[in-house]
Amino acid sequence: MAGKKRGRSAQVEKETAGTQTSIEVNLVTYPLSAWFGYIKQNIVGCYAGMLAIALTAFIATVAVTLLLGGVVIALIAVLGPAALGGGKIEGVAAGLVVFIMGNVLLRWAQRTFQLTALIFIDSVFSKSAFDLLGSARRIAWPVLRLVMLDMGLMLVVALPALILFATMPGLEAGMADAMTSLLVVLYVLCAALAYLFLTQFWPYGIVLEGKSAVESLKSSFSMATSKLTDVAMFNAVWVIGMLFFGIPYITYTLNSNMELTQMQALAGSDWSSGGAYLMATFTAGIISAVLMAIVDSFATPTHYLFWKAMKGK
């Protein structure tokens with residue numbers, strides 16, 4: 001006798017003896033059990049793929065950072081140090097353009113390579129070939145539109161907090177100042193959680209389904225709100241899982257940040273100490289990528305499987 005459908009169930013396609021069949025699964029537990037079944041047999045391949053993506057994203061970030069550094073040096077050479085630091089209009093305008101473009105380029109480089117992880121995991125479960133650089137080239141321009149729209153929406157979401165902060169009374173106001181600060185913090189926290197919740201499926205439509213940034217954003221909103229309780233429950237379990245697998249990364253990051261801060265303070269104007277600091281920073285980035293790949297080996301496949309279950313695929 002067929003069992004009664006539960007609220008947290010969904011239909012997914014499963015291949016059995018070469019035949020695609022539709023089965024009913026629990027939305028919260030299915031991604032975790034399916035991931036565990038996969039990782040038991042493919043832990044090395046999954047980690048190797050995630051590590052390659054993490055290292056490539058880090059190297060791309062370093063390359064863009066060096067490029068931006070070169071642009072800043074060129075601007076100083078053309079306009080002079082006084083123009084950038086003395087409040088002259090051309091210096092302020094140039095600095096603002098470099099700051100905005102720099103943030104866009106850095107996020108674009110990071111996101112493009114990071115989102116190839118979705119293509120990698122999709123290729124694993126669909127049993128198709130994966131080409132990291134080819135995938136990055138294919139999604140580069142759609143991801144740029146995603147990054148620009150994402151930054152614009154985050155600015156809109158943050159606008160009330162910026163207004164509150166700008167109109168915050170002076171320190172002499174005492175309690176009123178503390179209350180306004182608390183309101184700003186609470187708003188930022190709630191707005192950030194709501195934004196992340198509603199946009200969590202946004203990249204899938206762009207990267208895996210070829211949708212436009214706006215169309216995929218609408219789809220993400222629809223999916224996140226269609227089964228609020230299920231999505232919230234899965235997200236809670238998912239975050240706990242990431243924290244667990246992220247213990248080595250978090251521990252190393254906290255320790256390395258303290259050490260790098262001390263090195264930066266000691267470096268000063270000493271070129272040799274400065275070189276050692278840059279080398280230590282680069283090494284820390286490599287180690288962080290190695291440890292973050294552990295988290296990605298859990299986070300990306302489970303969330304991908306959850307998206308597939310939500311879509312009924």
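Read-outs throughout are calculated quantities, based only on the coordinates presented, and are distinct from any laboratory measurement. Values in this document were obtained by computation on a predicted structure and should not be read as measured data. Note that we place each Cβ from the backbone using ideal geometry, even for glycine, and neighbour counts take in every protein chain shown.
Observations on the model:
- Positive minus negative residues near Val104 (Lys, Arg vs Asp, Glu; Cβ under 13 Å): +2
- Integer Hz, Karplus 6.51/-1.76/1.60 couplings in order for the stretch 250-255, x for Gly and Pro: 5, 4, 5, 4, 4, 5
- Among the listed pairs Lys127/Lys311; Lys40/Lys308; Lys40/Lys227; Lys227/Lys308; Lys211/Lys308, those with a Cα-Cα distance over 26 Å are Lys40/Lys227.
- Karplus-derived HN-Hα couplings along the stretch 132-147 (A = 6.51, B = -1.76, C = 1.60, θ = phi - 60°), whole Hz, x at Gly and Pro: 4, 5, x, 5, 4, 5, 5, 9, 4, 5, x, 5, 4, 5, 4, 4
- Amide H contacts of Leu27 (H built 1.01 Å from N, in plane; Pro and chain starts excluded): Ser9, Ala10 sit under 5 Å, all sequence-distant by 5 or more or on other chains.
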